Amino acid sequence: MSVLSGKKILLGVSAGIAAYKTASLVRLFIKAGAEVKVIITPNAKDFVTPLTLSTLSKNPVHSSFYNEEDENAIWNNHVDYGLWADFMVVAPATANTLSKMANGVCDNLLLAVYLSAKCPVYFAPAMDLDMYKHPSTDKSFRTLKAFGNIMIPAGTGELASGLVGEGRMAEPEDIISFIEQDIISKLPLKNKKVLITAGPTYEAIDPVRFIGNHSSGKMGFELAECAASLGAEVILVTGPTYLSANHKSIAVHRIVSAEEMYHKVHEFYETCDIAICSAAVSDYRPKVVADKKIKKEQETLHIELVKNKDILASLGKIKKQQFLVGFALETNNEIENAKEKLKRKNLNLIVLNSLNDQGAGFKTPTNKITLIDAQENFKAFELKSKAEVANDIFNEIVMHLNE
Ligand code: CTP
């Protein structure tokens with residue numbers, strides 16, 4: 001899956017011959033799973049039609065403050081575009097548009113959007129080789145880079161003038177991979193290894209029966225997807241669940257019992273930067289596992305249980321560089337119990353679920369959490385989807401890692 005999936009991209013097209021390539025660029029953005037809106041300078045319409053770009057982007061294409069599609073709408077609000085976008089790409093960026101961007105000129109919609117956008121801005125220059133080399137163009141490049149804008153360098157090749165040299169807009173495929181690489185290089189968990197436990201454990205009674213619980217594993221799988229999307233390499237150790245992971249950076253290790261989870265987790269823990277135990281591990285297991293199916297011969301049956309190792313507590317004991325996160329599912333005196341668990345298991349952060357909150361805990365698509373850190377600061381969150389909860393947890397972890 002591309003890092004562009006789900007991103008909101010604002011494409012600004014200025015008036016250069018390379019504008020015809022923006023049709024492919026829009027298609028590739030959409031194919032990567034992004035949402036695209038296009039704004040175009042009035043003169044760029046000579047090179048590519050708004051109809052082409054609006055058909056491909058599935059959004060109206062605007063070039064002026066006047067809303068051409070909707071006579072009842074007051075105007076095309078440049079501020080709204082900038083707030084909507086995750087990032088803006090100006091491609092092709094002509095010498096004229098680049099110079100205006102560098103100097104705060106604001107005589108069309110594209111420039112007004114650029115000036116008001118708070119999101120990252122990429123620009124892909126496209127012009128003839130002598131224009132590209134001109135000191136004034138170079139000055140525009142340097143000014144825009146100093147503003148924090150990101151230049152997608154032009155390529156070398158045959159130009160529309162027939163001359164051969166530098167100035168050709170980067171090919172759409174190259175623009176896409178440049179932006180993907182740039183985003184990946186800035187992800188907050190890049191080069192980090194994250195270990196996550198998920199799901200229930202099953203403790204065998206005999207060959208056909210076990211002691212288990214209702215955990216679906218959803219919270220742990222959402223945590224894994226979230227960590228991977230933030231650039232981490234993820235090791236997901238999960239008990240029995242029907243769920244599967246989508247991201248290529250998630251290695252799933254399936255285990256059945258608490259004992260197997262304990263060993264698998266310890267195999268990977270030493271080199272991890274972050275470990276999160278979200279599994280609902282069975283606290284006990286049958287002392288003896290019958291090797292044949294137990295027959296219903298007696299009126300009552302007693303199964304002696306012995307305690308399983310506490311995986312999270314064992315990780316807390318040997319903790320070095322790892323940022324260790326545990327879960328606590330409480331029914332009463334929640335905050336105090338969670339704080340006690342955080343200390344006893346030597347955690348950096350504990351995620352508290354209260355069974356008193358509707359929609360929190362097992363088998364639900366939602367969760368309602370309170371985060372408590374080692375300094376006993378706590379943050380309570382609203383009821384959210386488990387994907388959003390995973391995001392809140394990682395925002396907190398990243399904040400602590402950057403302290
Ligand atoms: N946990 C674990 N291994 C166990 C039991 C629990 O790793 N054998 C982890 C869970 O993944 C979770 C946290 O410990 O992160 C929650 O433990 P919980 O069972 O709620 O609390 P306990 O400390 O076991 O105490 P109690 O059951 O008495 O509340």
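The values are calculated or read from the model by the stated rules, or taken from the named source; none is laboratory data. Keep in mind the model is a prediction, meaning the values are calculated, not measured. When we count neighbours, we look across all protein chains shown, and the Cβ atoms used for this are built from the backbone with ideal geometry, even at glycine. Surface areas here come from the heavy atoms of the whole protein model, side chains and all, with no ligands, DNA or RNA. Shrake-Rupley method; radii C 1.70, N 1.55, O 1.52, S 1.80 Å.
Overview of results
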| item | result |
| --- | --- |
| Residue match in region 361-378 (condition: within 11 Å of the ligand (Cβ to nearest atom), open to solvent by less than 60 Å² (accessible area, probe 1.4 Å) and of a type in the set (Val, Ile, Thr)) | no |
| Scan of region 91-136 for residues that are part of a strand (DSSP E or B) and either open to solvent by 60 Å² or more (accessible area, probe 1.4 Å) or among the small types (Gly, Ala, Ser) (or both), ordered by number | 91, 93, 124 |
| Yes/no for residue 202 being out of contact with any Cys (no Cβ under 8 Å at 6 or more places or on another chain) and without any contact (Cβ under 8 Å) to a residue 60 or more places away in the chain | no |
| Qualifying residues in region 255-286 (those that are in contact with a Gly (Cβ under 8 Å, 6 or more places away or on another chain) and away from the ligand (no atom under 12 Å from the Cβ)) - the one least open to solvent (accessible area, probe 1.4 Å) | 255 |
| Residue in region 13-22 that is surrounded by fewer than 24 Cβ atoms within 10 Å (Cβ to Cβ) and free of Cβ contacts under 8 Å to residues at least 40 places away in the same chain present | yes |
| Residues (in contact (Cβ under 8 Å) with a residue 40 or more places away in the chain, part of a helix (DSSP H, G or I) and more than 26 Å from the chain's Cα centre (by Cα)) located in region 137-184 | 137, 140, 141, 143, 144 |
| Number of the condition not met by residue 298 [criteria: (1) over 25 Å from the mean Cα position of the chain (by Cα); (2) within 12 Å of the ligand (Cβ to nearest atom); (3) of a type outside the set (A, V, I, L, M, F, W, C)] | (2) |
| Conditions (1) of a type in the set (Ser, Thr, Tyr); (2) within 12 Å of the ligand (Cβ to nearest atom); (3) under 26 Å from the mean Cα position of the chain (by Cα): number failed by residue 314 | (3) |
| Residue match in region 149-167 (condition: of a type in the set (A, V, I, L, M), open to solvent by 30 Å² or more (accessible area, probe 1.4 Å) and within 30 Å of residue 276 (Cα to Cα)) | no |
